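The values are calculated or read from the model by the stated rules, or taken from the named source; none is laboratory data. The structure displayed is predicted, hence computed values, not measured ones. Glycine gets a Cβ as well: all are built from the backbone with ideal geometry, and neighbour counts include every protein chain shown. Just so you know, the surface numbers come from the protein's heavy atoms only, side chains and all, with ligands and any DNA or RNA stripped out. Shrake-Rupley method; radii C 1.70, N 1.55, O 1.52, S 1.80 Å.
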Amino acid sequence: MLNKGLFKKPKNELEAQHRIKRKTDPAIPSELCRSCPSCKQLSFTSDLENNFHVCPKCGHHFRINARQRLNMIIDQDTFVEQYHELSSTNRLEFPGYDEKLAQATLFSHENEGVIIGTGKIGSHKVALFVMEATFMMGSMGQVVGEKITLIFEYALKHRLPMIGYTVSGGARMQEGMLALMQMAKTSGAVKRHSDAGLLYLTVLTDPTTGGVTASFAMEGDIILAEPEALIAFAGPRVIEQTIRQRLPKGFQRAEFLLEKGFVDAIVPRSIQKETVKRLLTLHGIPKGGDQNGSI
Amino acid sequence: MEAYKRVALARKKTRPTGQDFIDNLFTDFIELHGDRCFGDDPAMITGLGMLMDMPVTVIAQERGKTTKSRVKRNFGSSHPEGYRKALRQMKLAEKFNRPIVCLIDTSGAFCGIGAEERGQGHAIANNLMEMMGLKVPILSIVIGEGGSGGALALGVADEVWMLENAIYSVISPEGCASILWKDASKTKEAANCLKLTAQNLLELQVVDKIISENHRDFKNVYRELKIGLYKCFQKNQALDHQQLTEYRYQRFRKYGAIETITE
Ligand SMILES: [Zn+2]
C-alpha cells in the first residue's frame, strides 16, 4: 500500500543520498540506483523513496535517518521539535571525543543522537523520540538520556502517550559512568509515565543494542519491531568472542525475539503508521489539538 | 594510584566475594533460590538476614573462590534469571517492608546464547524500572568490579557506596581499548580515561561514599559497613514512600541534567 501524502521529502535529502552513495558498492556508479544489501538487486532510488525505503524485491528495510522516520509516522506539518539545540560536551576530557562529536554533527546534520518532540499520528496527539543512527551510532550519552527523560516528563505533565523509535549501539563509552547512569535516569522517567497510566509504545529498529536495549527500549507497554532488525543486549560479535562459536542464522533478529516472546509484533514500514494509529485508538487516545492546548 | 592498579585489585582472586560480605555483615542468613520462571542463577545470591536487629533482604553477586566454584558461579556473570531472582526478592522486601542491600561484583551480565534468548536486556531494563519505584530503602555497594549494565541492574538505590579499591565502569577497560583504539595494549590508558575508580566516581557524584579498605583489613570494612548500613536504613525508613522514591528519582535525574549540560 502506497500513500504518497504520508511523506515529505527531508530537507537534507541531497546530503542523505550523497552519504548513502558513498557507503554503497563503489562498482555501482549511479545515484539513481541502490543495491539491496540483502538480495543484491538494484532498485531505483525514487522507487525506494516511494516504498518507505524498503526493497521492492525482497522487503529488506534500508536504514533511514530520524527525520525520514518522522515524515513517515507523523501527520504532515504537526511535528514540533523540542530541545533541538542541546549538544554534548567532553566533560571527562576523553581523548578524541571532541573530534568524534564534531564529525558526527557534520555527518548526521543533527546536534545529537535523538530527536524529541510532539506531533499527531492519524490526528492522535503524541509525544515521541526518534533516535538517529548516523550520530555516533545512536549511542546514549548524557544529552540523549536527558532529551529522552525530558520528553517523558513533558508527556507525563501533558498526559500524552509516548512513542519511541530506537536505534543504538548502546551507552556512549566516552562519557564513562555518566552515560551508564542514563539507563537508570530514563528508566525512572518511563516508570513515572507508566505509573500515571499512560501508554508507551516502542518501535525497535536495526540495530538496537546494549544499554538502550537494557533500558527504555525494552520498557514499552507495547514493543514493536521492524522486520529483521537486530535487537540485542550483547552484540553478536561480542557473543561469538565470548563463547567461541558461530551463532545460528537469524539469532537476535526481530523474528527471533518474537518467537522468544520479547516483542509484541513485527511491523513492516508500509503498515507502521496504520498500526500505531490503531493502537492509539484502542487505548482511547484523544484526537485533535484541543486537549491541554499543548500542540 | 593509577586506575589500572585499582582494576587489578578489584579483580584480585583473593579479594573477599559477595558470600564473605554476607557472612560478615548479617546473622541468621537464609539463602532463597530461584526466579520462579526458568531456574536458579548461582552467580546471584539472594536471601534474608539480620543486620543487627533489623531484618533485611540481601542481593549479592558472587564470583566464586576456587576454580570449581568460579565455574559454578559463572565467574559472577548473571543470566537473566539472576536479575529476575533479584527482582523477585526485592518485591518481597517491599511487601514485607524490609530494606534491601545490594552487593555488586561482576565483570558484567553474561554474554551468551541462552542469556540473549531469555531476554538479558529485558531483565536488566525491568530491574532498573522497578527498583526506581520500590517503596523500601535500597542501598547498593560496589564491593569489587561494577561491570556496566549487569552491575547497574542492582545499582538503582537511595545511596551507592563503593569500596576504596572497587571499580565501576560503563565498559571494561579491555573492551574500551579494543573497540575505540583497536589496540589491547591501551587497556591501562582506557582505565584512566573511563574514570572508573571510587575517587573519580565520588567526584562525579556517581557514588555517595567511599569505604576505606584500611590496607585490606576487611574486618574494619565490615564493621564500618554494618554501622553505616544500619544508620542509613534507619534514616530512610523514617521517610514516607513518596519521599523515598522521589529522592531516588532525583538522585539519578541529576546526571546530565539540562542545567549541567548547558553550562
Ligand atoms: Zn532486496
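Checking the structure you have, find out if any residue of the range A:98-114 is within 14 Å of A:Arg172 (Cα to Cα), in a strand (DSSP E or B) and more than 16 Å from the ligand (Cβ to nearest atom). Write out each step before concluding.
Taking the range A:98-114 as the starting set, the residues that turn out to be within 14 Å of A:Arg172 (Cα to Cα) are A:98, A:100-101, A:104, A:112-114.
Those left that are additionally in a strand (DSSP E or B): A:114.
The next check asks that each one be more than 16 Å from the ligand (Cβ to nearest atom); those that pass are A:114.
Yes, the range A:98-114 contains at least one residue that is within 14 Å of A:Arg172 (Cα to Cα), in a strand (DSSP E or B) and more than 16 Å from the ligand (Cβ to nearest atom).
State whether one or more residues within the range A:173-195 are open to solvent by less than 10 Å² (accessible area, probe 1.4 Å), assigned by TED's automatic domain parsing to the domain that holds A:Glu132 and part of a loop (DSSP other than H, G, I, E, B).
No, there is no match, as no residue in the range A:173-195 is open to solvent by less than 10 Å² (accessible area, probe 1.4 Å), assigned by TED's automatic domain parsing to the domain that holds A:Glu132 and part of a loop (DSSP other than H, G, I, E, B).
Check off (1) surrounded by fewer than 23 Cβ atoms within 10 Å (Cβ to Cβ); (2) more than 23 Å from B:Cys232 (Cβ to Cβ); (3) more than 8 Å from chain A (Cβ to nearest Cβ) for B:Lys91 and give me the number that stays unchecked.
Only one criterion is unmet by B:Lys91, namely (2).
Condition first: under 24 Å from the mean Cα position of the chain (by Cα) and either more than 10 Å from the ligand (Cβ to nearest atom) or assigned by TED's automatic domain parsing to the domain that holds A:Pro227 (or both). Now tell me which residues in the range A:35-47 satisfy that.
Across the range A:35-47, the qualifying residues are A:Thr45, A:Ser46, A:Asp47.
Just the residues that are free of Cβ contacts under 8 Å to residues at least 60 places away in the same chain and within 9 Å of another protein chain (Cβ to nearest Cβ), please, taken from the range B:152-165.
Within the range B:152-165, B:Leu152, B:Gly155 meet the criteria.
Restricting attention to the range A:248-280, which residues are within 21 Å of A:Ala214 (Cα to Cα) and free of Cβ contacts under 8 Å to residues at least 24 places away in the same chain?
Residues of the range A:248-280 that are within 21 Å of A:Ala214 (Cα to Cα), as a first pass: A:250-266.
Those that are within 21 Å of A:Ala214 (Cα to Cα) and free of Cβ contacts under 8 Å to residues at least 24 places away in the same chain: A:Gly250, A:Phe251, A:Gln252, A:Phe256, A:Glu259, A:Lys260, A:Gly261.
In the range A:238-284, what residues are more than 10 Å from chain B (Cβ to nearest Cβ) and charged (D, E, K, R)?
Selection gives A:Arg244, A:Arg246, A:Lys249, A:Arg253, A:Glu255, A:Asp264, A:Arg269, A:Lys273, A:Glu274, A:Lys277, A:Arg278.
Would you tally the residues in the range B:112-130 being in a helix (DSSP H, G or I) and open to solvent by 10 Å² or more (accessible area, probe 1.4 Å)? It would help to see each step written out before you state the result.
Our first condition is that a residue be in a helix (DSSP H, G or I); within the range B:112-130, this holds for B:113-117, B:120-130.
Next, only the ones that are open to solvent by 10 Å² or more (accessible area, probe 1.4 Å) stay: B:113-114, B:116-117, B:122, B:126, B:129-130.
Final tally of qualifying residues: 8.
Out of all the residues in the range A:211-219, is one or more more than 27 Å from A:Thr89 (Cα to Cα) and either assigned by TED's automatic domain parsing to the domain that holds A:Gln142 or part of a loop (DSSP other than H, G, I, E, B) (or both)?
Keep residues of the range A:211-219 that are more than 27 Å from A:Thr89 (Cα to Cα), which gives A:218-219.
Right, trim to either assigned by TED's automatic domain parsing to the domain that holds A:Gln142 or part of a loop (DSSP other than H, G, I, E, B) (or both) and you get A:218-219.
Within the range A:211-219 (the criterion being more than 27 Å from A:Thr89 (Cα to Cα) and either assigned by TED's automatic domain parsing to the domain that holds A:Gln142 or part of a loop (DSSP other than H, G, I, E, B) (or both)), the answer is yes, since at least one residue qualifies.
When the residues of the range A:106-116 are narrowed to those that are without any contact (Cβ under 8 Å) to a residue 40 or more places away in the chain and buried (at least 21 other Cβ atoms within 10 Å of the Cβ), which ends up nearest to the chain's Cα centre (by Cα)? It would help to see each step written out before you state the result.
Narrowing the range A:106-116 to residues without any contact (Cβ under 8 Å) to a residue 40 or more places away in the chain: A:106, A:111-112, A:116.
Narrowing the set further to residues that are buried (at least 21 other Cβ atoms within 10 Å of the Cβ) leaves A:112, A:116.
On the way: A:Glu112: 13, A:Ile116: 11 Å.
Out of the qualifying residues, it is A:Ile116.
Kindly provide the set of residues from the range B:158-208 that are among the acidic types (Asp, Glu) and more than 29 Å from B:Leu134 (Cα to Cα), ordered by number. I'd like the intermediate steps shown before the answer.
Our first condition is that a residue be among the acidic types (Asp, Glu); within the range B:158-208, this holds for B:158-159, B:164, B:174, B:183, B:189, B:203, B:208.
Result: B:Glu174, B:Asp183, B:Glu189.
Taking the range A:151-166 as the region of interest, how many residues are in contact with a strand residue (DSSP E or B) (Cβ under 9 Å, 6 or more places away or on another chain), open to solvent by 10 Å² or more (accessible area, probe 1.4 Å) and outside any helix (DSSP H, G or I)?
So the count comes out to 1.
Which one is nearest to the other protein chains (Cβ to nearest Cβ), of the residues in the range B:166-198 that are within 21 Å of B:Leu103 (Cβ to Cβ) and buried (at least 24 other Cβ atoms within 10 Å of the Cβ)? Full working, then the answer.
Our first condition is that a residue be within 21 Å of B:Leu103 (Cβ to Cβ); within the range B:166-198, this holds for B:166-170, B:172, B:196-198.
Subset that is buried (at least 24 other Cβ atoms within 10 Å of the Cβ): B:166-170, B:196-198.
Details: B:Ala166: 13, B:Ile167: 10, B:Tyr168: 6, B:Ser169: 7, B:Val170: 4, B:Leu196: 7, B:Thr197: 11, B:Ala198: 11 Å.
Restricting to residues being within 21 Å of B:Leu103 (Cβ to Cβ) and buried (at least 24 other Cβ atoms within 10 Å of the Cβ), the top hit is B:Val170.
Please tell me if A:Asn71 is away from the ligand (no atom under 15 Å from the Cβ), more than 14 Å from chain B (Cβ to nearest Cβ), within 28 Å of A:Phe152 (Cα to Cα) and surrounded by 18 or more Cβ atoms within 10 Å (Cβ to Cβ).
Values: away from the ligand (no atom under 15 Å from the Cβ): yes; more than 14 Å from chain B (Cβ to nearest Cβ): yes; within 28 Å of A:Phe152 (Cα to Cα): yes; surrounded by 18 or more Cβ atoms within 10 Å (Cβ to Cβ): no.
In short, no.
So which residues in the range B:205-227 are open to solvent by 10 Å² or more (accessible area, probe 1.4 Å) and assigned to a helix (DSSP H, G or I)?
In the first step, residues of the range B:205-227 are kept if they are open to solvent by 10 Å² or more (accessible area, probe 1.4 Å); the result is B:205, B:208-210, B:212, B:214-220, B:222-224, B:226-227.
Within the range B:205-227, B:Phe218, B:Lys219, B:Asn220, B:Tyr222, B:Arg223, B:Glu224, B:Lys226, B:Ile227 meet the criteria.
On the given criteria, is A:Thr281 modelled with pLDDT of 95 or more and hydroxyl-bearing (Ser, Thr, Tyr)? Let's see the steps before the verdict.
Numbers: modelled with pLDDT of 95 or more: yes; hydroxyl-bearing (Ser, Thr, Tyr): yes.
In short, yes.
Give me the residue from the range B:94-111 that is open to solvent by 10 Å² or more (accessible area, probe 1.4 Å) and outside any loop (DSSP other than H, G, I, E, B) and, out of that set, nearest to B:Ser169 (Cα to Cα).
Here the answer is B:Glu94.
Would you pick out the residues in the range A:48-67 that are open to solvent by 20 Å² or more (accessible area, probe 1.4 Å), more than 11 Å from the ligand (Cβ to nearest atom) and not in a loop (DSSP other than H, G, I, E, B)?
Once the filter is applied, which keeps residues that are open to solvent by 20 Å² or more (accessible area, probe 1.4 Å), more than 11 Å from the ligand (Cβ to nearest atom) and not in a loop (DSSP other than H, G, I, E, B), the range A:48-67 yields A:Glu49, A:Arg67.
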